[in-house]
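The values are calculated or read from the model by the stated rules, or taken from the named source; none is laboratory data. For clarity, every value in this text was computed on a predicted model and none was experimentally measured. Virtual Cβ from ideal backbone geometry, glycine too; neighbours counted across all protein chains shown.
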Amino acid sequence: MTLFRLAWKNVVGSAFRSWVVYLCVLLVTGLLFTSVLLIGGTRDSLRLIQQRLGADVVVVPEGTEAGVESALLMGRPVKAWMPRENEDKIAHVPGVREVSPQLYLASLANAPCCTAEMLVMAFDPQTDFTLTPWLRQHLGHGLSAGEAIGGSDVFVPYGEEHLRIYGSEIDLVGSLERTGTGLDTALFLTFETAYQVAEHSRTEAIRPLEIPPESISAALVRIEPEADPRVIALQISHEVTKVTAIPASGLFQTFRRQIDGLLRSMLTLLGAASALSLAIVGLVFSMAVNERRREIGVVRALGATQGEVLRTLLAEALMLALGGGASGILLAALVLYLFRDLIVVSLAMPFLFPALPLLVALVGGGLVAGLAGVGLAVLFPVVRASRLDPAVAMREQ
Amino acid sequence: MTARTAARIPAVAIAILAIVIGVMPLFFNCQYDGKTLVLANGREVPMKCYWTARAALAVAVPLLAVGLLMAFSRRAETLRALGILGAILGVMAILLPTLLIGVCQHAGASCSLVMKPTLVLAGILAIGVSLAGVAVSGRREEQTP
């Protein structure tokens, strides 16, 4: 009988002990994997949204920073207006290379004139550096009047050919990749289309779309390569009145702090759960080994060496750790993948499921952590059992 | 733990999953949330997630029966047959919201957020547990003299 087969027989033969160890490892690795995936997925999502914006500095009306961040992260409508002349003022700040204005609008909820409630972002194709490169690469041209592109969750309803926004029919000509943020439910169109929709809404919508004249919601800024975004942001805030300039690295600070707080809570919970589970694993193994002292004595008397007994007991523990670890990771990954949209909505934080290479690395790391934890927890009882004197052990009742 | 107890674990798990498959969709569909499709003639009809919820009930009832029968069956052949049937019903639970009927396209709808992932997860678990039941029945057959 091989070592593996002997260990497997022992695992199957002690069903209660095996189930306890299996479930403890499943719990620890599942929790570990969920925490890492949640925190990593949220950070990836924040990084992606910053890349998507492509700006070094974002300028918003004073007091609307949280609203604009919330709009970008969760797709919540925001009312943010500042004079369009700010665009020129920002462009004249030394170190600023490009400025592109944006309008943040919202369609109506539960209204026949709108397909669905969504954040509508209008951009100026003459100056835009956020979407225009993507449009040229994927569509081969920019957006015409009456055309829009949507986030990954924006779709034309079944049986219809266009999206309806404030009574206007809009052609959805493309969809952006998933970001796990509010941008997935946002619609992107040009200033020209936005003004046409506003004009049309006066007669076709249950409520007109109001865009204050000569106003913009935000200005995205690109700076010269040698310039420091924090310095430029300070200069813009100093030279343009009633605006807040946020360097890209300073965006979503509130959310980052929330995530850090969540990370600390999760690590505390995880540490306590892991310590408790591994203590139970060690205790159960210790009890099981004590019950099998006579059996181990007989095996030793039949000629098994200390090393063979040690390897068999360790193999049992590692088999259970591997099974429990793989199940825990698989279950956690499955739940997080299937319920990722619910996580975004209910926790009100962005989340992006990791790409396959990172996922494979995380699975490998989780399994190694599970194996190492169980290996350490059972090491003491296993070593003690392997050193039993066969004669003493066989005489025990 | 006896072989009989071991055989009852998948049976209880399948019964619980059957209840989840049957009950959860009833409370997480657009009809339950008060949303309907309004036709051009003004008539309101249920959205497709409502029909998925109804069809899930038709999968849940036989799956519950599989769980109960598994709990009281002794013969290995019967356990094996019930396990295979449970796995097929698990596949059906996955196919209903994904391919056969589907759920609403709107990503924020409760059918899309909760019903679909719940049915897929419960279906996958039902397949896994049913196949575990088949494996347990095989072990019992080995142990029978």
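Modelled with pLDDT of 90 or more and of a type outside the set (A, V, I, L, M), is that true of A:Asp184? It is false that A:Asp184 is modelled with pLDDT of 90 or more and of a type outside the set (A, V, I, L, M). All told, A:Ile90 falls short of being among the β-branched types (Val, Ile, Thr), closer than 30 Å to A:Phe351 by Cβ and at pLDDT 85 or above.
Just to confirm my filter: which helices (runs of 4 or more DSSP H) fall fully inside segment A:291-397 and include at least 3 residues that are touching a Pro at 6+ places or on another chain (Cβ under 7 Å)?
Numbers: elements: A:293-301, A:306-338, A:340-347, A:356-386, A:390-395.
In segment A:291-397, A:293-301 are the helices (runs of 4 or more DSSP H) which contain 3 or more residues that are touching a Pro at 6+ places or on another chain (Cβ under 7 Å).
Looking at A:Val374, is it β-branched (Val, Ile, Thr), crowded, with 19+ Cβ neighbours inside 10 Å and either more than 14 Å from chain B (Cβ to nearest Cβ) or over 19 Å from A:Gly30 (Cα atoms) (or both)? So A:Val374 passes the test. Within segment A:330-350, track down each residue that is more than 18 Å from B:Ala109 (Cα to Cα) and away from every other protein chain (no Cβ under 11 Å). Scanning segment A:330-350 gives A:Ala332, A:Ala333.
Considering (1) crowded, with 20+ Cβ neighbours inside 10 Å; (2) under 23 Å from the mean Cα position of the chain (by Cα); (3) more than 14 Å from chain B (Cβ to nearest Cβ); (4) farther than 24 Å from A:Ala186 by Cβ, the lone condition that A:Val25 does not fulfil carries the number (2). Scanning segment A:81-105 for residues that are surrounded by fewer than 21 Cβ atoms within 10 Å (Cβ to Cβ), of a type outside the set (Asp, Glu) and within 15 Å of A:Ala218 (Cα to Cα) gives A:Trp81, A:Pro83, A:Arg84, A:Lys89, A:Ala91. In segment B:5-63, the residue that is surrounded by the most Cβ atoms within 10 Å (Cβ to Cβ) out of those that are under 15 Å from B:Leu95 (Cα atoms) and free of Cβ contacts under 8 Å to residues at least 12 places away in the same chain is B:Arg54. Within segment B:116-132, is there a residue that is over 12 Å from the mean Cα position of the chain (by Cα) and more than 13 Å from chain A (Cβ to nearest Cβ)? So far as segment B:116-132 goes, yes, one or more of its residues are over 12 Å from the mean Cα position of the chain (by Cα) and more than 13 Å from chain A (Cβ to nearest Cβ).
A single entry from B:Arg54, B:Arg74, B:Arg43, B:Arg80 fulfils the requirement of being charged (D, E, K, R) and either within 12 Å of chain A (Cβ to nearest Cβ) or under 14 Å from the mean Cα position of the chain (by Cα) (or both): B:Arg54. The strands (runs of 3 or more DSSP E) found entirely in segment A:131-244 that carry 1 or more residues being within 14 Å of another protein chain (Cβ to nearest Cβ), in contact with a Ser or Thr (Cβ under 8 Å, 6 or more places away or on another chain) and closer than 28 Å to B:Lys48 by Cα are A:147-150, A:163-165, A:168-175, A:187-190.
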